[in-house]
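Asks: The structure is given below, and queries will be raised subsequently.
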Amino acid sequence: MIKKLFTFYLLILTGFIAKAQDTEDYIAEHVEYAQGLMHEHKIPASIILAVAIHESAAGNSKIAQHLNNHFGVKGPNNNAEIRSSYRDYLNADESYSHFVEIMETREPFNNLFAKYDQYDYKGWAYGIRRCGYASSRSWASQVIGLIKKYELYQYDDRPEGYEEPVYAAPVRHSKRSRQSTKSYTVKTGDNLSVIAKKKGTTVKALMQKNGMKKVNLKPGQKLKF
């Protein structure tokens, strides 16, 4: 029994180690090409690698395996093995090159080159996210997390003494605070006209927003605006 348990935990541990090694192997396989793209196009190699790792699960996703698609780019494909809305590539390098091409030629991504240099991976991550590359609000933080975890910034050829720009963390409002800024509690003596004037809106807008058919109000009633 003890021997079986030991074998079981050993298999689990081996699985975790293999997974970590897969990502490191993926980086080793693609870092040279990513750096070449960086030198030619001035986009951080760390960003290219981290986005690829994030979007392809370090090359383990179905679209990476079957379509050589490492950046989640949608489009037509001629693959008969899987049905997918993602485009296919001849090899991983072509996928990497196409990602950089998208950054250079499509608006608003092409505006990022004037804002950020090849050393500012945080600026690029936030910028790519804002330009609509991903819908998840945590996408940029996840990409930055991968860069830090695997120290991908070491491939950006940063000059000695380079200081990273400081970016303020996104402000997250609690559910309660969001509600309090968008609602009003009716007080004794209030009417829709007075409330509308206070909140910079109209009586009609307040009635529509709150589904009201009559203008009558009750103290303690909450109104959305």
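No value in this document is a laboratory result; all are computed from the given coordinates. All values reported here derive from a predicted model rather than from experimental measurement. In this analysis, Cβ positions are derived from the backbone assuming ideal geometry, glycine residues included, and neighbour counts consider all displayed protein chains.
Asks: If you split all Cα-Cα distances of segment 127-166 into 5 Å bins from zero, what percentages do you get per bin, shortest first?
Replies: Pairs per bin, as whole percents: 5, 19, 21, 24, 18, 9, 3, 0.
Asks: Considering only the other residues whose Cβ falls under 12 Å of the Cβ of Y86, what net charge follows from Lys and Arg at +1 and Asp and Glu at -1?
Replies: My count for the surroundings of Y86 gives +2.
Asks: Rg and Dmax of segment 74-157 over Cα atoms: what are they, in angstrom?
Replies: Rg and Dmax of segment 74-157, Cα atoms, are 14.6, 42 Å.
Asks: Mind grabbing the base-10 log of I(q)/I(0) for segment 175-224 at q = 0.14, 0.27 Å⁻¹? Debye formula, identical points on the C-alpha positions, no solvent, two decimal places.
Replies: Reported log10 I(q)/I(0), two decimals: -0.31, -1.14.
Asks: Report the net charge of residues surrounding L217, where surrounding means a beta-carbon distance below 12 angstrom and charges are Lys +1, Arg +1, Asp -1, Glu -1.
Replies: So the environment of L217 carries a net charge of +3.
Asks: Multiply the residue gap between K149 and N191 by 0.36 nm, knock off their C-alpha separation, and tell me the result in nm, one decimal place.
Replies: 9.4 nm
Asks: I've got another one for you. Could you sort the peptides 92-99, 198-205 by per-residue average Cβ neighbour count (10 Å cutoff), highest mean leading?
Replies: So the order, starting with the most tightly packed, is 92-99, 198-205.
Asks: Please compute the Kirkwood hydrodynamic radius over segment 2-155, one decimal place, Å, based on all pairs of different Cα atoms.
Replies: Roughly 16.4 Å, rounded to one decimal.
Asks: What aspartates and glutamates does K122 reach when the alpha-carbon gap must be under 17 Å and sequence neighbours fewer than 8 apart in one chain are set aside?
Replies: Here the aspartates and glutamates satisfying the reach criterion relative to K122 are E151, D156, D157, E163, E164.
Asks: Kindly flag which residue pairs out of K187/K222; K62/K148; K204/K224; K115/K148; K74/K115; K115/K149 have an alpha-carbon separation exceeding 18 Å in this structure.
Replies: Pairs exceeding the cut-off: K62/K148; K115/K148; K74/K115; K115/K149.
Asks: Considering amide H positions built from the backbone, and no H for Pro or chain starts, which residues 5 or more places from Y86, or on another chain, come under 5 Å of its amide H?
Replies: G75
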